[in-house]
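The values are calculated or read from the model by the stated rules, or taken from the named source; none is laboratory data. Just so it is clear, the structure is predicted and the values come from calculations on it, not from any experiment. Cβ atoms come from the backbone with ideal geometry, glycine included; neighbour counts cover every protein chain shown. Just the protein is used for accessible areas: all its heavy atoms, side chains included, with ligands, DNA and RNA removed. Shrake-Rupley method; radii C 1.70, N 1.55, O 1.52, S 1.80 Å.
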Amino acid sequence: MVASGKGGVGKSTVASNLAIAFKRIGLKTCLLDADIYGPSIPTMFDINEKPKSDGKQIETLNKYGIATMSIGYMVNDDNPMIWRGLMVMKAINELISKVNWGEADIMVIDLPPGTGDVQLTLTQKLKIDGSLLVTTPQDIALIDVVRGLRMFEKTEIPIMGLVENMSYFVAPDTGKQYPLFGEGKTEKIAEKYDYEILSRIPHDPLLLEQCENGHPLTDLVPEHKVSRIFIELAENVLKKLKLQRLANS
Ligand code: ADP
């Protein structure tokens, strides 16, 4: 699960590039966009179709080698959805049990920000192997990260670590790195709660452009330095999952 305490910190950007990175390291990957309040995967993968269904099962929409499903494929862009507890549970249940996911090695789930019904329903329905918490190095985002950490600890979802997004900006002329929001803040939280920072992703205009154009950078330019960071993150997560499985067997 790719989670965040707050909206707008890059959770969907990380989820989509991480899904592509898993594919690039040879895993059959699927991506569930469970962000019912603001589904971004249709935009990030430039998918505008409605999924096919025979009335019993719903087929995934496949692009860039990833099987995807999003609540955004079912609802109209301009209509804000007002979700109540039971509706959330029903929608999430359908995304999990009615969708023909086929065979996959790994599923990446893009969660809504915060700590709410979707997170709880998913943890009741699925055995989640791990979660990543995406944050930016700003106090305002980090306060909510602590809430997210607390919720995952309560629901016993393994937290694999933090992903610090928009950590720094690389000047295109000199290659020098500039911290965008100050330094050391995410480390403080990671140390205090004893979690690892698994990845630091720079602010990169190309990453933004490609998300908005509907083709994740990690697929479009896999050798780009930011794509390589996502591929390293995927390798690291896979290693952790394997170790976890060994420890539990
Ligand atoms: P969230 O899912 O947390 O709401 P998004 O992934 O939708 O956040 O990202 C919000 C906006 O920030 C998007 O326009 C996205 O392209 C942009 N963005 C996210 N991460 C980066 C980054 N590292 N560099 C540049 N733009 C980014």
Exclusive hit being more than 12 Å from the ligand (Cβ to nearest atom), touching a residue at least 12 places away in the same chain (Cβ under 8 Å) and touching a Pro at 6+ places or on another chain (Cβ under 6 Å), set 240, 185: 185
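In segment 156-180, which residue that is of a type in the set (Gly, Ala, Ser) and open to solvent by less than 40 Å² (accessible area, probe 1.4 Å) is nearest to the ligand (Cβ to nearest atom)? Explain how you work it out, then say what you get.
Going through segment 156-180, the residues of a type in the set (Gly, Ala, Ser) turn out to be 161, 167, 171, 175.
Pick out the ones that are also open to solvent by less than 40 Å² (accessible area, probe 1.4 Å) and you get 161, 167, 171.
Details: 161: 17, 167: 8, 171: 14 Å.
The extreme case among them is 167.
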Count - residues of segment 11-43 that are touching a Ser or Thr at 6+ places or on another chain (Cβ under 8 Å), under 19 Å from residue 226 (Cβ atoms), open to solvent by 10 Å² or more (accessible area, probe 1.4 Å) and outside any helix (DSSP H, G or I): 1
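Within segment 65-92, take every residue that is loosely packed, with under 14 Cβ neighbours inside 10 Å and touching a residue at least 24 places away in the same chain (Cβ under 8 Å) and give me the one that is farthest from the ligand (Cβ to nearest atom).
Applying the first criterion (loosely packed, with under 14 Cβ neighbours inside 10 Å) to segment 65-92 yields 65, 76-80, 82, 84-87, 90.
Still in the running and touching a residue at least 24 places away in the same chain (Cβ under 8 Å): 65, 85.
On the way: 65: 20, 85: 22 Å.
My answer is 85.
Kindly indicate the residue of segment 93-112 that is over 28 Å from residue 222 (Cβ atoms) and within 17 Å of the chain's Cα centre (by Cα) and also most open to solvent (accessible area, probe 1.4 Å) among those meeting that condition. Step through it out loud before you land on a result.
Taking segment 93-112 as the starting set, the residues that turn out to be over 28 Å from residue 222 (Cβ atoms) are 93-98, 100, 112.
After this cut, where a residue has to be within 17 Å of the chain's Cα centre (by Cα) as well, the list is 95-96, 112.
Values: 95: 5, 96: 37, 112: 2 Å².
If we take residues in segment 93-112 being over 28 Å from residue 222 (Cβ atoms) and within 17 Å of the chain's Cα centre (by Cα), then 96 is most open to solvent (accessible area, probe 1.4 Å).
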Examine segment 193-212 for a residue that is open to solvent by less than 90 Å² (accessible area, probe 1.4 Å), assigned to a helix (DSSP H, G or I) and of a type in the set (Ser, Thr, Tyr), and state whether such a residue exists. yes
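Looking only at segment 20-60, count how many residues are of a type in the set (Gly, Ala, Ser) and within 13 Å of the ligand (Cβ to nearest atom).
If we filter segment 20-60 for residues that are of a type in the set (Gly, Ala, Ser), which is where we start, we get 21, 26, 34, 38, 40, 53, 55.
Now drop any that are not within 13 Å of the ligand (Cβ to nearest atom), which leaves 34, 38, 40.
Of the residues in that region, 3 qualify.
Filter segment 130-155 for residues that are part of a helix (DSSP H, G or I) and either of a type in the set (S, T, N, Q) or open to solvent by 10 Å² or more (accessible area, probe 1.4 Å) (or both) and give the result. Even if it seems obvious, please write down each step before you answer.
Residues of segment 130-155 that are part of a helix (DSSP H, G or I), as a first pass: 139-155.
Once the filter is applied, which keeps residues that are part of a helix (DSSP H, G or I) and either of a type in the set (S, T, N, Q) or open to solvent by 10 Å² or more (accessible area, probe 1.4 Å) (or both), segment 130-155 yields 139, 140, 143, 144, 146, 147, 150, 151, 153, 154, 155.
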Tally of residues being more than 8 Å from the ligand (Cβ to nearest atom), of a type in the set (Gly, Ala, Ser) and open to solvent by 10 Å² or more (accessible area, probe 1.4 Å) across segment 1-10: 1
